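One structure is given here, and the rest of the page talks about it.
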Amino acid sequence: MRIVLVGPCGAGKSTIARELSRHGLDVVVVGQEHSIIRDLWRRPHPDLVVFLDASLETVRARRGSDWPEWLYRTEQERLAEARAHADLVLDTGELTIDEVVQRILTVLAQRGWNGNRESR
């Protein structure tokens, strides 16, 4: 199973990717928030697109209180298409890392993933 993670800076994409990789999953973090290519998130041919959301307040708590609002808004605009097509949208400011990972694993299990690398 190939999972693509997208979301604004500070949403926890790298952290969640690391945790999902421990479960034997093929996880790709797509820097859609930095790209004007609207469908960059599609390029790795994902089986599941997960949008990790975070409020400006959450991003500032993680990245520094001076994180610019204009940058956050720009990232949200660049992420709009990925969010609209995501299979799962999770707010990482409201959920713990373990809760995010568990929700993703639950969706994968519902789609027939059985926990091994060959189930793609």
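The values are calculated or read from the model by the stated rules, or taken from the named source; none is laboratory data. Predicted model only: the values in this text are computed from it and were never measured. Note: ideal-geometry Cβ built from the backbone for every residue, glycine included; neighbour counts use all protein chains shown. Keep in mind that these areas ignore ligands, DNA and RNA; they rest on the heavy atoms of the full protein, side chains included. Shrake-Rupley method; radii C 1.70, N 1.55, O 1.52, S 1.80 Å.
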In Å², rounded to a whole number, the accessible area per residue of the stretch 10-120 with probe 1.4 Å is 58
For ASP91, the accessible surface traced by a 1.4 Å probe with all protein chains present amounts, in square angstrom to the nearest 10, to 60
Lys, Arg +1 and Asp, Glu -1 on Cβ, resulting dipole of the chain about Cα centre, debye, nearest 20: 400
Give me the extension gain from GLN76 to LEU88: residue separation times 0.36 nm, minus the current Cα-Cα distance, reported in nm with one decimal. 2.7 nm
